[in-house]
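Okay, so here's the structure we're looking at.
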Amino acid sequence: MKNKYIIGGLVATMMAPALVSCSDSYLDQAPLTDTSIETVKHDENAAVATVMGLFRQMQTQYDDLKNGNLNVSGETYLATIYGEGLGPDANPCETTYYMATGITPNNFRRSSGGWWTIWMYRYCYSIIGAANTILDGMAEDPDDSVELWLKASALTMRAHCYTRLMQVHAPRWIDSDNGEKYCLVLRLRAGEANEHPLNTCNEVYDQLYADLKEAIRCFEKTSKKRSSEELFMVNEDVARGLLARLALLKNDYKTAQEMAHAARQNYPIMQGEDYLNGFSTVTSETMWSPVMDYLGVYYWNFGAHYACNGHYSSVKWGYTYTMDYQLYKHLKASDVRSKLYFGPLTVQHAPDLAEKYGVTAEDFFSADLYSQQRALVSITGSGTSPKGKNLAMWQFIQDYGNSATLQANRPEDNKGIYVLNKYGLALGTQFKFQGLPDGYSSCWVPYMRSAEMLLIEAEAACNNNDEATAQACLKELMAKRDPSYSFSGTGQALLDEVKLQRRIELWGEGFNWFDYKRWNEVIEYKTFDGDFDQMGSYPKTVAAKYEPTFMEGWRAAIPEKEFIYNKLADPVLVGQ
């Protein structure tokens, strides 16, 4: 891949502000002094190396943010911890384990010492600082192709990180007093003093809209384009997709519908069988993906922890990511996505294996098989020697994960699927994510794909009273997922169906909690209690119900260090 590994002294220099930002005084940004931006912006190799510094930060391991088995290691990991770990549809058992032993959503309002409040903050401002270093040397209206591309890339990355901060720290739009409430500090220059007053939601949204629109203009004007092997870089389609995401946060459904539709035009929805490929390789839907290597992350990459053959889920802990039953029960056997989760439908997908081990659909609803634990509710028992039907369930899970049903389109497995049963495996055990045979079970879940854009378009269309478009979007997606699918509802029923398909389609990819927050909906971790209509899959240790008003509207506190290093920011303005 051309220029992929150009990570030299120049990039180290460009990343210096970000590296400073990872220390205790991470808001104390250092100015760029060693390399002139005038050199970088006219040299394509230097520009690529510089931008690669931004993308590398999306996979950087933050050693100073390590707590127990949670070590912050970039975009995908943070999307999992926040977007899935706090949402009701997925049980990333590692997170659930820690929620049972001290990490609870209440920690979101702890400005001092709370993991949840500082992780996304440090990560985003690190990249923002590096992007600002690049942008400080850009002309207002550049005409050089390399400079146009460099400016567009930096603007896009800055906007992405501020969008993440808005998802975690800002009020949802309906709670924002039409955007006049305070939320964050906008830092738009490298090397500027820390002292800066808090900005309102409107000020942040206005800046990010302007950034992304300018990025799109520059991308369209430059002759430099990314190749099909450079999907880790951003382009005009990614910028449009980020603007669609941002517009959803603002309930600006007109912009969201327009941008999402435009963003996805070059990325056709993948065929149903491709959806089974393990999400470790590029598909026709991939709009933006990580740099596909484990540089600097190793066993902290997403796959090692969450892939069905990941190092920790497969051979160390023996438990993994599971789909909550409240969502699983909406799947149908005719839906290709149902093949990716272990449950009653698996008996229909693998009848020969079910017969071999004597497993029936009814067994999944037998209270005698389940045991409550801190990390999950196990259907295969606990310990390394399950017996009877628990053993049969475990063997069924293992063989199904390695069966032709799933393995035809997947990379060669190097560790085996759930070979250890230390804590047991649960109803809803996932096979969606499978790691590559690279020694680290690397699994590169995309940052953005066209199915997300299609579902943004559908949701926005519902809110724009454009039901024909929403119906057409559902039909386009489901034609590739479930040939028997049919839906003709309107109004609220149509919007609810779009939300449901979004939850199923994007499960595990980092959206769930962010969606529930902006939807202003109750989040409930329902227990596995034998009521198979109302139950969920969560252990009693984390069962809880949270109203939309909880935690200032699911709003994480601004870390205390912001106010220590920035005396102009008034914590009272953000309720601290």
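The values are calculated or read from the model by the stated rules, or taken from the named source; none is laboratory data. Model, not experiment: these values are computed from the prediction. Cβ coordinates were reconstructed from backbone atoms using ideal geometry, including for glycine residues, and neighbour counts include every protein chain displayed. Heavy atoms of the whole protein, side chains included, go into the accessibility calculation; ligands, DNA and RNA do not. Shrake-Rupley method; radii C 1.70, N 1.55, O 1.52, S 1.80 Å.
Might you tell me the accessible area per residue for segment 210-345, computed with a 1.4 Å probe and given in Å²?
Details: 4210 Å² over 136 residues.
Spelled out: the 1.4 Å probe surface of segment 210-345, per residue, equals 31 Å².
Please give the calculated 222 nm ellipticity per residue for the chain, where each DSSP H segment of at least 4 residues contributes -39500 (n - 2.57) and the sum is spread over every residue; nearest 500 deg cm²/dmol?
Working: 24 runs with 235 residues, N = 576.
Mean residue ellipticity at 222 nm (helix-derived): -12000 deg cm²/dmol.
Run down the lysines and flag those whose C-alpha is under 19 Å from the C-alpha of LYS339, throwing out any fewer than 8 positions away in its chain.
LYS329, LYS356, LYS432, LYS480
Can you grab the distance from the C-alpha centre of segment 233-251 to the C-alpha centre of segment 508-560, Å, no decimals?
26
Can you give the Rg to Rh ratio of segment 432-576, both from alpha-carbon atoms, with Rh computed by the Kirkwood formula? Don't jump to the answer; show the numbers that get you there.
Values: Rg = 19.8 Å, Rh = 18.8 Å.
My calculation puts Rg/Rh at 1.06.
Give the separation of the Cα centroids, segment 424-489 to segment 133-152, in Å.
What the calculation gives is 35 Å, centre to centre.
Round to a whole number: what % of the accessible area of segment 425-536 belongs to carbon and sulfur, probe 1.4 Å? Could the numbers behind the result be given before it?
On the way: 1570 of 3410 Å².
Summing carbon and sulfur atoms, their accessible area is 46 percent of the total for segment 425-536.
Where a ≥ b ≥ c are the square roots of the eigenvalues of the C-alpha gyration tensor, would you call segment 118-224 rounded, which needs a/c under 1.5, or, failing that, prolate if a/b is larger than b/c, or oblate?
Numbers: a/c = 2.20, a/b = 1.68, b/c = 1.31.
Note, shape of segment 118-224 comes out prolate.
What's the center-to-center distance, using Cα atoms, between segment 292-325 and segment 365-420 in Å?
A separation of 15 Å, based on Cα centres.
How large a share of the accessible area of segment 164-233, in percent, is made up of carbon and sulfur atoms when the probe is 1.4 Å and the other protein chains stay in place? Walk me through the numbers on the way to the answer.
Values: 1300 of 2860 Å².
The C+S portion of the solvent-accessible surface of segment 164-233 is 45 percent.
Could you calculate the FRET efficiency of LYS387 with LYS356 from 1/(1 + (r/R0)^6), where r is the beta carbon distance between them and R0 is 25 Å, rounded to 0.05?
On the way: r = 17 Å, r/R0 = 0.70.
With R0 = 25 Å, the Cβ-Cβ based efficiency is 0.90.
Report the far tail of the P(r) of segment 204-277, meaning the percent of Cα-Cα pairs longer than 15 Å.
Details: 1640 of 2701 pairs.
Roughly 61 percent, rounded to a whole number.
For segment 352-493, what D do you get in µm² per second when you plug the Kirkwood radius from alpha-carbon pairs into Stokes-Einstein at 37 °C and 0.692 mPa s?
Numbers: Rh = 18.4 Å.
So the translational diffusion coefficient is about 178 µm²/s.
Under a crude label model (7 Å from the Cα following the beta-carbon direction), how far is ALA367 from LYS422 in nanometres?
Once both label points are built, they end up 3.1 nm from each other.
Among ASN309, TYR253, MET233, whose Cα projects farthest towards the positive end of the dipole of segment 215-341, with charges put on the beta-carbon of Lys, Arg (+1) and Asp, Glu (-1)?
Of the listed residues, the answer is TYR253.
Where only protein heavy atoms count, and the probe is 1.4 Å, what is the accessible area per residue for segment 105-203 in Å²?
With all protein chains present, segment 105-203 gives 29 Å² per residue.
If I compute solvent accessible area with a 1.4 Å probe over the protein chains, what percent of it on segment 364-419 is carbon and sulfur? Could you put the intermediate results ahead of the total?
Working: 1090 of 2370 Å².
Within segment 364-419, the accessible surface is 46 percent carbon and sulfur.
Mind running the shape call on segment 309-360? Use the C-alpha gyration tensor, a ≥ b ≥ c as the square roots of the eigenvalues: rounded below 1.5 for a/c, prolate if a/b tops b/c, oblate otherwise. Intermediate results must be reported in sequence, preceding the final value.
Values: a/c = 2.30, a/b = 1.30, b/c = 1.78.
In terms of gyration-tensor shape, oblate.
According to the square roots a ≥ b ≥ c of the eigenvalues of the Cα gyration tensor, what is the shape class of segment 504-576, taking rounded for a/c under 1.5, prolate for a/b larger than b/c otherwise, and oblate for the remainder? It would help to have the intermediate numbers written out before the result.
Details: a/c = 2.92, a/b = 2.36, b/c = 1.24.
Since a/c reaches 1.5 and a/b is larger than b/c, the shape of segment 504-576 is classed as prolate.
Give me the number: length gained by fully extending SER228 to LYS213, i.e. 0.36 nm times residue separation minus the C-alpha to C-alpha distance, one decimal in nm. Write out the running numbers ahead of the final one.
On the way: separation 15, 0.36 × 15 = 5.40 nm, distance 2.35 nm.
Full extension of this stretch gives 3.1 nm more.
Work out, in µm²/s and without decimals, the Stokes-Einstein translational diffusion coefficient of the chain at 25 °C, 0.890 mPa s, Rh from Kirkwood over C-alpha pairs. Write down the numbers at each step before the final one.
Details: Rh = 24.2 Å.
Translational D for this selection: 101 µm²/s.
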